[in-house]
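Quick notes on the structure that follows.
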Amino acid sequence: MQVFHACYTKVLPSAEVENPELVAWSDSVAGLLDLDSHEFERPDFPLKFSGASPLTGAVPYAQCYGGHQFGTWAGQLGDGRAITLGEILNSKSERWELQLKGAGKTPYSRFADGLAVLRSSIREFLCSEAMHFLGIPTTRALCLVTTGKLVTRDMFYDGNPKEEPGAIVCRVAQSFLRFGSFQIHASKGEEDLGIVSTLADYAIRHHFPHIENISKSETLSFSTGDNGQSVVDLTSNKYAAWAVEIAERTASLVARWQGVGFTHGVLNTDNMSILGLTIDYGPFGFLDAFDPSYTPNTTDLPGRRYCFANQPDICSWNITQFASTLMAARLISDKEASYAVERYGTKFMDEYQAIITQKLGLQKYNKQLVNKLLNNLAVDKVDYTNFFRSLSNIKADPGIPEGELLVPLKAVLLDIGKERKEAWASWVQSYIQELVASGISDEERKASMDLVNPKYVLRNYLCQSAIDAAEIGDFGEVRRLLKVMERPYDEQPGMEKYARLPPAWAYRPGVCMLSCSS
């Protein structure tokens, strides 16, 4: 149904529940909410976080938003299976919103049932937490419960639906507002433009209070264009300052994705957070074999719009759409909109270059060295995570015999012929020259590199192993995997199997690639 002149609709969770069971929980998120970890032991906990038993003081609602999907305006979308229970202020006066995903139909469900399956819920729960511990801004996940009911899904859209266990994730964020939350009202024409500014005022007041308090003394004015004739003064228009901050937060987020080899898979404007958080974990994937054109989304295969290499440009396009919405509502000028997009590009390059430089253990960015490395990784389809982790074992010694240069990388440079070995040896020699020039000891460099190059990432096959066990009632692997992903940069003796290359079965459809609604 179409919802007019509103940002949300009050709606109660309605998923059928029968003996719900707690699959996993995050003590870290419980801490954010001032929730005692003993609360997870309460017999009524799964009832409350499946929506079957109401939380005291909650006024549940589903959010209205629109979005560009695969580059095309899709009109009204909204929370089709997510219901926000409400917001709490913790002891630090931080605002946290609790949302149940898979809790039943809302006015935005269209023809769907508003439910979620255990498979996709485990992926969302684990990745929300894994990303946080990698140091990447993200929505969080408090807990995951099974509903005790079956849900019918056609995973490959091939006419072969099957019944799967139902589940609900409790997602947590300071806000779930998206670019599309503003776009939907601007798209409705003149009569709803006021909602865009009302919502912007709300967002700035609660989530960007420093912008409300910008003073002229901060001189946030910038020249634009080559001749510097045009000036954008961010102190005279809070909405322009806000747009620029959203652009910069988004740029910083995408730079971190690229640094860790994460591919979101569905970067529609309705999946873009105004807080610069990773939001909506559908068909995501971490790069195993390095492939810039990798997409984890079967729906994206024809054009690979959302592949790994395209993420920075796609998010720039999305920022342009968001800025256009603010222009349509007459909150910012075209110059201010252009400046926000320009700032996105500058911030992304600055952050990405800094991240890659840190990953290499160098003091300054070397474009030629980085480009050659990325090309080599792609040619030989090298495991991205394990390569960078191994790189810290190279010694800054120009006297290493040529035949021994690749010894520290032998576990990651697999099955390569003589010609490729020569290409890699040449790169390692150039790299060693840079290391020598930096003057940092091998021990110090290894320690700093291991702080930014994770040993463990949430590979899709690891998720699948946990899913397979959980679907027959064994939740132990989900919990073990969570514990490993909470310390991705530590060696974790005894857990090395979680850092292994994917086995052959990991490349089958449904493991390495999923559809949008999975």
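Among the trypsin sites (Lys or Arg not before Pro) found in segment 85-115, those both in a DSSP coil and sparsely packed, with 11 or fewer other Cβ atoms within 10 Å of their Cβ, are Lys92. Full extension of the segment from Arg330 to Leu89, taken as 0.36 nm per residue of separation minus the current Cα-Cα distance, would add 83.5 nm.
Of the trypsin sites (Lys or Arg not before Pro) found in segment 442-518, those in coil by DSSP whose Cβ has at most 16 other Cβ atoms within 10 Å are Arg500. The P(r) of segment 362-439 has a tail past 19 Å containing 31 percent of all C-alpha pairs.
Taking a quarter of the surface of the Cα convex hull of the chain gives a mean projected area of 26.3 nm².
In plain terms, the chain from Asp490 to Thr198 could stretch by 100.6 nm, reckoned as 0.36 nm per residue minus the Cα-Cα distance. Extending 7 Å from Cα along the Cβ direction at Ala289 and again at Arg480 yields two label points whose distance is 2.8 nm.
Which helices, counted as full DSSP H runs in the chain, have an axial Cα extent of no less than 27 Å and a Kyte-Doolittle average of -0.5 or above? Helices meeting the span and hydropathy rule in the chain are 238-260.
Potential lengthening of the chain between Ala309 and Glu41 amounts to 92.1 nm, from the contour at 0.36 nm per residue minus the alpha-carbon distance. Between the alpha-carbon centres of segment 453-493 and segment 62-86 there is a gap of 30 Å.
Could you pull out the trypsin sites (Lys or Arg not before Pro) across segment 371-444 that fall in loop regions by DSSP (anything but H, G, I, E, B) with no more than 11 other Cβ atoms inside 10 Å? Passing both the DSSP loop test and the Cβ count: Lys410.
Taking a ≥ b ≥ c as the square roots of the eigenvalues of the Cα gyration tensor, an a/c ratio of 1.5 or more together with a/b no larger than b/c marks segment 460-506 as oblate. Normalised per residue, the accessible area of the chain is 42 Å², obtained with a 1.4 Å probe and no contribution from ligands, DNA or RNA.
In this label model, Arg420 and Lys497 are separated by 2.8 nm, measuring between points 7 Å along each Cα→Cβ vector.
Given R₀ = 35 Å, what would the calculated FRET efficiency be for Ser441 paired with Met349, taking r from the Cβ atoms and rounding to 0.05? The calculated FRET efficiency here is 0.70. Computed from the alpha carbon positions, the gyration tensor of segment 1-107 leads to an equivalent ellipsoid with semi-axes of 28, 17, 13 Å, biggest first.
Would you list which lysines come within 23 Å of Lys149, measuring only between C-alpha atoms, while excluding same-chain residues fewer than 8 positions from it? Partners found: Lys48, Lys101, Lys105, Lys162. Projected label points at Ser14 and Ser187, each 7 Å from Cα along the beta carbon direction, are separated by 2.3 nanometres.
The values are calculated or read from the model by the stated rules, or taken from the named source; none is laboratory data. Just so it is clear, the structure is predicted and the values come from calculations on it, not from any experiment. Positions of Cβ are backbone-derived with ideal geometry, glycine not excepted, and every protein chain shown enters the neighbour counts. For accessibility, only protein heavy atoms count, side chains too; no ligands or nucleic acids. Shrake-Rupley method; radii C 1.70, N 1.55, O 1.52, S 1.80 Å.
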